[in-house]
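Engineer: One structure coming up, written as structure tokens, with questions to follow.
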Amino acid sequence: MMFGPSKPPTPEDLKEQVSLAMLTVIGALEPVYDTADGMRRDLESRGWSPTMAEHAAGVWLCTTLATMAGGGK
């Protein structure tokens, strides 16, 4: 049996692959989002204003996501 060149993926195949990859990323990021939510709640319980707690957790989340997107650099 010979193996020839494979056919290029169809648009439907690509859509399925991208959708699966995005669902995988969403699952992988869930602990990061949970940590940011916990950080916000913890800061509020320590007396921080809701606005400042939200800001601090948001800055941490954005920095963490940027670090992850850059491969940890």
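The values are calculated or read from the model by the stated rules, or taken from the named source; none is laboratory data. None of the values given here were measured: they were computed from a predicted structure. Quick reminder, even Gly has a Cβ in these numbers, built from the backbone with ideal geometry, and neighbours come from all protein chains shown. Side chains included, ligands, DNA and RNA excluded: accessible areas come from the protein's heavy atoms. Shrake-Rupley method; radii C 1.70, N 1.55, O 1.52, S 1.80 Å.
Engineer: Which angle between 0 and 90 degrees, to the nearest 10, do you get for helix 50-69 versus the longest principal axis of the chain when only C-alpha atoms count?
Structural biologist: So the inclination is approximately 30 degrees.
Engineer: Could I ask something else about it? May I ask you to order 38-49, 18-29 by the average number of other C-beta atoms within 10 Å around their residues, highest value first?
Structural biologist: Peptide ranking by packing, descending: 38-49, 18-29.
Engineer: Any idea of the accessible area per residue across the chain, 1.4 Å probe, to the nearest Å²?
Structural biologist: 84 Å²
Engineer: Per 0.36 nm of contour for each residue apart, how much would the distance between Leu14 and Asp42 grow if the chain were fully extended, relative to their Cα-Cα spacing?
Structural biologist: 5.9 nm
Engineer: Here is a further query. Assuming a ≥ b ≥ c are the square roots of the Cα gyration tensor eigenvalues, decide whether the chain counts as rounded (a/c under 1.5), prolate (otherwise, with a/b larger than b/c) or oblate.
Structural biologist: prolate
Engineer: Compute the length gained on full extension between Thr67 and Leu29: take 0.36 nm times their separation in residues and subtract their Cα-Cα distance, giving the result in nm to one decimal.
Structural biologist: 12.4 nm
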